[in-house]
Amino acid sequence: MKINCGPLTGFTQARYVIHLSTGKRLVLFRLPAIDPASPKPNEAQGWSYFAMEAECPHAGGPMQDSTVDIEDSAYVASCPWHAYDFNVETGESSLGLKACTFPIDVTGESVLLEFPVDDGHPVSLAKVEPVSEKVKLKHGRPSDKSAKPKREEPGMANYLDDTATFCEWAVHILNTGNPEHKIELTTHFYSIFTERESSSSPMELGRGTVTPPDYPPREQMEIIRAGEMPRSSKGGSQKGRIMILHALANIELWAIDLAIDICVRFATFHTDKSSQELPRTFFHDWLKVANDEAKHFSLLRTRLEELGSYYGALPVHHTLWTSALDTKDDLRARISIIALVHEARGLDVNPVTIQKFRNANDRESVDTLEIIHNDEITHVTTGHRWLTWICDQEGIDPVQVFRTNVIKHFKGVLKGPFNEEARLQAGMDKRYYGDIPRPPIRAA
């Protein structure tokens, strides 16, 4: 049967989640037509539409967050959890699996989904939900790339020119203290880097040519020790919810720097034994994480302002960056502590935090926090993927490497309860975090 998903004019973003009355979820892709001269039934006005199941058939990863590339004149979506690839039209994968895909017809004024019906039971559309992709910037970045703001213009972010290398961009963003400028530059950097990756002139990496700062600056923020932070309430009151959102915004802002820093600080890294340098996909993956973190900060900052507050109204701490300094000389340790301890801990506590806001009937904040939680599963996946890659090159066990680094660098004990389902989705089974002994007490 054909299900009307809505008028063609209503689809303006790259992807949507389609919710059916049966509870089934699909992802709808809206992608530029590869060959506009030969239109197909699923194409209109230069755009192609594809629908596939929203959960990866390998381990249930969110295909709405997949990376989409063109291979052999066809679009291929790669799951953000374990990089399984699927042709968005046929569902075929190079890894032997097959995803369910569903024909789309846009020859009229509506987007029609062809969906099979079992035993004549009717299926209807419940809702169509756009996937959040845009950062909420206070000042839009220039649409004309040749018309960049001049450096001397007050209140504007400083853009580098087209000759800047990846590492020059990274250090520039790390040295940017204004949070609005940081998220604007990060999203612009991700946009131009990914655009050039598919062109004949990819951005030069510039490995080892610049040095990241020991401590990224912060503008007009009261920074105190974590133990001195005021205790937040349970989240029932508006004041309590503002305190929680402010603390989360601080984490997301530092997370931008952490994802950028890992690229430039370890740009010249080579694996032991095999002496492999980091491939370009390493830089793309962590820049994608930074772009997500910029989106998260913008959503939280916007929500704070909607609640009558603003980012900077409360003091913040820099515990996350302390962990970065502790692991600045070892990429394996940096991934272990930042991505697989701190980010993974977020997977444990996010559902509890979301429930607090749900209990307070704060639907807008719940929507924001759910976007963040889903993205952070992919961030832990990124950490797991690259720690595993390094260890595979070096012929060592990533589980043991992780556990050794936790004992050496993490100041504390990994405590439950753990979100075992989300951790497993990201590649971390109980071998990683179960029963890690306390680190030895250091002599005074």
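Some values worked out for this structure:
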{"quantity": "Residue among Ile337, Ile390 that is at pLDDT 95 or above, out of contact with any Leu (no Cβ under 8 Å at 6 or more places or on another chain) and assigned by TED's automatic domain parsing to the domain that holds Lys288", "calculated": "Ile337"}
{"quantity": "Single condition Pro279 does not satisfy, out of (1) surrounded by 15 or more Cβ atoms within 10 Å (Cβ to Cβ); (2) of a type outside the set (Val, Ile, Thr); (3) without any contact (Cβ under 8 Å) to a residue 12 or more places away in the chain", "calculated": "(1)"}
{"quantity": "Residue within segment 20-43 that is in a strand (DSSP E or B), touching a Cys at 6+ places or on another chain (Cβ under 6 Å) and of a type outside the set (S, T, N, Q) present", "calculated": "no"}
{"quantity": "Boolean, Val123 is aliphatic (A, V, I, L, M), at pLDDT below 95, crowded, with 18+ Cβ neighbours inside 10 Å and in the same structural domain as Ala44 (by TED's automatic domain parsing)", "calculated": "no"}
{"quantity": "Wholly within segment 311-397, helices (runs of 4 or more DSSP H) carrying at least 2 residues that are among the acidic types (Asp, Glu) and touching a residue at least 40 places away in the same chain (Cβ under 8 Å)", "calculated": "363-394"}
{"quantity": "Hey, Asp330 within 28 Å of Glu168 (Cβ to Cβ) and out of contact with any helix residue (DSSP H, G or I) (no Cβ under 6 Å at 6 or more places or on another chain) or not", "calculated": "yes"}
{"quantity": "Subset of segment 188-221 [surrounded by 12 or more Cβ atoms within 10 Å (Cβ to Cβ) and polar (S, T, N, Q)]", "calculated": "Ser191, Thr194, Thr209"}
{"quantity": "Qualifying residues in segment 198-212 (those that are in contact with a Cys (Cβ under 7 Å, 6 or more places away or on another chain) and among the hydrophobic types (A, V, I, L, M, F, W, C)) - the one nearest to Ala267 (Cα to Cα)", "calculated": "Leu205"}
{"quantity": "Top-ranked residue in segment 255-276 [being surrounded by fewer than 24 Cβ atoms within 10 Å (Cβ to Cβ) and over 23 Å from Thr209 (Cα atoms); ranked as modelled with the highest pLDDT]", "calculated": "Ser274"}
{"quantity": "Meets criteria (touching a residue at least 60 places away in the same chain (Cβ under 8 Å), in a helix (DSSP H, G or I) and surrounded by fewer than 18 Cβ atoms within 10 Å (Cβ to Cβ)) for Gln400", "calculated": "no"}
{"quantity": "Options Gly416, Gly412, Gly427, Gly395: the member that is touching a His at 6+ places or on another chain (Cβ under 7 Å), of a type outside the set (Val, Ile, Thr) and either on the phi > 0 side of the Ramachandran plot or surrounded by fewer than 17 Cβ atoms within 10 Å (Cβ to Cβ) (or both)", "calculated": "Gly427"}
{"quantity": "Members of segment 97-113 found to be touching a Ser or Thr at 6+ places or on another chain (Cβ under 9 Å) and surrounded by fewer than 16 Cβ atoms within 10 Å (Cβ to Cβ), listed by number", "calculated": "Lys98, Glu109"}
{"quantity": "Residue under evaluation Ala339, criteria (1) at negative phi; (2) surrounded by fewer than 21 Cβ atoms within 10 Å (Cβ to Cβ); (3) of a type in the set (Gly, Ala, Ser), criterion not met", "calculated": "(2)"}
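The values are calculated or read from the model by the stated rules, or taken from the named source; none is laboratory data. What you are looking at is a predicted structure, and each value in this text was computed from that prediction instead of being measured. Counting neighbours? That spans all protein chains shown, and the Cβs are built from the backbone with ideal geometry, glycine included.
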